[in-house]
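S.K.: There's a structure below that I have some questions on.
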């Protein structure tokens with residue numbers, strides 16, 4: 001059976017570039033003799049389970065396929081229950097997760113005998129669980145510190161909220177008005193489809 005490598009790229013916000021680590025994944029795949037059959041990219045928090053591109057990847061995959069990621073937290077900053085759901089989905093489809101920041105998973109990129117593969121999968125599975133828990137704790141710690149910082153800023157009268165990137169937003173709307181396709185605008189600006197949709201809806205509401 002042919003094994004496919006499917007690369008997953010994720011960034012947490014619309015302002016970040018989900019393709020930032022594409023070159024690192026390409027270099028790793030080349031070093032390990034892997035051919036990346038498909039790329040799946042999205043902007044969205046690793047703390048939520050509802051990620052369309054990730055589940056499209058899972059749906060497209062076949063037993064033995066490799067999910068290639070740069071960091072474990074690209075896959076999960078999920079709470080315990082949601083991580084158990086995602087992990088079960090990966091395991092039921094008999095997929096192998098290879099993460100650049102998880103060296104124990106690198107050997108899963110190579111074909112081996114059944115016993116060795118199962119031992120490596122078990123070891124990497126334990127490491128995935130541990131790193132997922134660490135990523136979730138880091139996520140919760142940062143949110144708590146951010147909330148504390150906002151409360152201090154509000155108390156001191158310094159909090160102004162998040163400032164939108166007006167220059168970029170204006171450029172996006174101008175490109176759309178000029179007839180540029182959504183894919184072209186996304187490639188040129190690094191924005192996500194949800195950002196484009198939100199900007200158009202906001203402008204439409206303002207013009208009512």
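No lab work stands behind these numbers, since they all come straight from the coordinates. Just so you know, these numbers come straight off a predicted model, no measurement behind them. Positions of Cβ are generated from backbone atoms using ideal geometry, with glycine treated the same way; all protein chains shown enter the neighbour counts.
S.K.: Tell me the angle of helix 114-155 to the major Cα principal axis of the chain, expressed in degrees between 0 and 90 and rounded to the nearest ten.
M.R.: 20
S.K.: Using only Cα atoms and rounding to the nearest 10 degrees, what angle (0 to 90) does helix 80-92 make with the longest principal axis of the chain?
M.R.: That helix lies at roughly 50 degrees to the long axis.
S.K.: Oh, and also: Calculate I(q)/I(0) for region 5-136 by the Debye formula, one identical point scatterer on each C-alpha and no solvent, and give its log10 at q = 0.18 Å⁻¹ to two decimals.
M.R.: Here log10 of I(q) over I(0) equals -0.98.
S.K.: Say each of residue 114 and residue 3 gets a label point 7 Å from the Cα, pointing the same way as Cα to Cβ; how far apart are those two points in nm?
M.R.: About 1.5 nm separates the two model spin labels.
S.K.: Could you list 53, 31 so that the one with the fewest beta carbons within 10 Å of its beta carbon is first and the one with the most is last? Before the final figure, lay out the partial values.
M.R.: On the way: 53 17, 31 10.
By the 10 Å Cβ count, ascending, the order reads 31, 53.
S.K.: How much length is gained if the chain between residue 71 and residue 55 is pulled fully straight, taking 0.36 nm per residue apart and subtracting their Cα-Cα distance, in nm to one decimal? The partial results should precede the final answer.
M.R.: Details: separation 16, 0.36 × 16 = 5.76 nm, distance 1.76 nm.
Using 0.36 nm per residue and subtracting the Cα-Cα distance, I get 4.0 nm.
S.K.: Still on this structure: Taking the Cβ of each residue in 83, 39 as the centre, tally the other Cβ atoms inside 10 Å and list the residues starting with the fewest. Could you put the intermediate results ahead of the total?
M.R.: Details: 83 20, 39 17.
By the 10 Å Cβ count, ascending: 39, 83.
S.K.: Rank 144, 51, 193 by mean-square fluctuation in a GNM of the chain with C-alpha springs under 10 angstrom and give only the top-ranked residue.
M.R.: 144
S.K.: Please identify, among 175, 41, 127, the residue showing maximal mean-square fluctuation in a Gaussian network model of the chain using a 10 angstrom Cα cutoff.
M.R.: Of the options given, 175 has the highest mean-square fluctuation.
S.K.: Per 0.36 nm of contour for each residue apart, how much would the distance between residue 27 and residue 200 grow if the chain were fully extended, relative to their Cα-Cα spacing?
M.R.: Numbers: separation 173, 0.36 × 173 = 62.28 nm, distance 3.77 nm.
The span from residue 27 to residue 200 would gain 58.5 nm if fully extended.
S.K.: Working from Cα positions, state the angle (0 to 90°, nearest 10) between the long axis of helix 22-31 and the longest principal axis of the chain.
M.R.: Its long axis makes an angle of about 10 degrees.
S.K.: To two decimal places, what compactness ratio does region 166-206 give when its Cα radius of gyration is scaled by 2.2 N^0.38 Å? Each step should come with its number before you reach the end.
M.R.: Details: Rg = 9.2 Å, N = 41, 2.2 N^0.38 = 9.0 Å.
For region 166-206, the normalised Cα radius of gyration is 1.02.
S.K.: Tell me the label-point distance for the pair residue 173, residue 81, using the 7 Å Cα-to-Cβ offset, in nm and rounded to one decimal.
M.R.: In this crude spin-label approximation the distance works out to 4.0 nm.
S.K.: For the pair residue 155 and residue 45, how long in nm is the line joining their label points, each one 7 Å along Cα→Cβ?
M.R.: 2.4
S.K.: Given R₀ = 45 Å, what would the calculated FRET efficiency be for residue 183 paired with residue 146, taking r from the Cβ atoms and rounding to 0.05?
M.R.: Values: r = 33 Å, r/R0 = 0.73.
Result of the calculation: an efficiency of 0.85.
S.K.: On to the next question. Mind telling me which of 104, 195, 184 comes out most flexible in a GNM of the chain, alpha-carbon contacts under 10 Å?
M.R.: Checking each option, the largest mean-square fluctuation is seen for 184.
S.K.: By counting other Cβ atoms within 10 Å of each Cβ, how are 100, 200, 68 ranked from fewest to most?
M.R.: Numbers: 100 18, 200 13, 68 25.
Ordered by Cβ neighbours within 10 Å, fewest first: 200, 100, 68.
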